[in-house]
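Note sheet for the following structure.
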Amino acid sequence: MSGNNKTLLDREFTRRQFMKLTGKGLAGVALSSNLLNLMGCTQAQAEAGLVDTIAAPDFLLVANRAKCSGCQRCEVSCTLRNDGDAHPYMARLRVRQDVAFGKDGPTDDFLHGDGLFGLWGFAPETCKQCADPACVKICPMKAISADPDTGARVIDQEKCVGCGACVQACPWHMPRVDQEKKKSTKCVSCGACVAGCPNSALRMIPWEDVAKAM
């Protein structure tokens, strides 16, 4: 077995271990101090449901809502890197739709709410890099495939016709169609959102590091 194939298998093993450990969330899961430090959170924050994780093929994405100020710089950083323009609507990691209302709908209880707008519902919404992705299956142009190095599902812009089938097929509607370019786009695991966060609310942790901390 080549070294590269072994590394991929080790990553997948650690990923499955983590997913089995955390199940539907971190609340109720006793995490090691090493893993908490690596994720940049406390056990109390995890227990309170303030820490969200997405287990991508190449890394663990961690979003700590206790640190998020809702500045949306992650969205701007994403589009500057990938589109050359500050265009939050096209961001691959999304915060904006949850800032004003939160997950449970609007509230006018600004005194007892959880943030500036009352109910603070920030949570990372981005591509889950599914093992059996619906977007890949539905694309009529066969424009979506897995990057051989990262495992991220990427869209070939030359093949894409912007039909939007991938958006509708995705359970979370993660791809977006750029109405100006008539092309679909999605997260490619570039890390721009993490690099642009001023509060370190986002972390992208390689599975090799997670394995050492578990």
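Could you say whether any residue in the range 50-57 is over 30 Å from residue 9 (Cβ atoms), of a type outside the set (Asp, Glu) and surrounded by fewer than 18 Cβ atoms within 10 Å (Cβ to Cβ)? Steps first, answer last, please.
Kept after step one, since they are over 30 Å from residue 9 (Cβ atoms), are these residues of the range 50-57: 50.
So of that shortlist, the ones also of a type outside the set (Asp, Glu) come out as 50.
Now drop any that are not surrounded by fewer than 18 Cβ atoms within 10 Å (Cβ to Cβ), which leaves none.
Among the residues of the range 50-57, not one is over 30 Å from residue 9 (Cβ atoms), of a type outside the set (Asp, Glu) and surrounded by fewer than 18 Cβ atoms within 10 Å (Cβ to Cβ), which makes the answer no.
Restricting attention to the range 137-153 and to residues that are surrounded by 17 or more Cβ atoms within 10 Å (Cβ to Cβ) and at pLDDT below 95, the residue that is nearest to residue 10 (Cα to Cα) turns out to be 151.
Report yes if residue 166 is within 12 Å of residue 186 (Cβ to Cβ) and in contact (Cβ under 8 Å) with a residue 40 or more places away in the chain, otherwise no. No; evaluated as a whole, the condition is false for this residue.
Restricting attention to the range 58-89 and to residues that are surrounded by fewer than 16 Cβ atoms within 10 Å (Cβ to Cβ) and hydroxyl-bearing (Ser, Thr, Tyr), the residue that is modelled with the highest pLDDT turns out to be 89.
For the range 184-214, the tally of residues that are crowded, with 18+ Cβ neighbours inside 10 Å and not β-branched (Val, Ile, Thr) stands at 12.
Residues in the range 153-189 that are out of contact with any Asp or Glu (no Cβ under 7 Å at 6 or more places or on another chain) and of a type in the set (Gly, Ala, Ser): 162, 164, 165, 169, 184. Of all the criteria given as (1) at pLDDT 90 or above; (2) in contact with a helix residue (DSSP H, G or I) (Cβ under 8 Å, 6 or more places away or on another chain); (3) closer than 21 Å to residue 26 by Cβ, the one not satisfied by residue 175 is (3). Residues of the range 145-166 that are touching a helix residue (DSSP H, G or I) at 6+ places or on another chain (Cβ under 8 Å) and closer than 21 Å to residue 89 by Cβ: 153, 155, 165, 166.
The values are calculated or read from the model by the stated rules, or taken from the named source; none is laboratory data. Note that the coordinates shown come from a computational prediction; the quantities given were computed from them, not determined experimentally. Every residue, glycine as well, gets a Cβ built from its backbone with ideal geometry; the counts of neighbours run over all protein chains shown.
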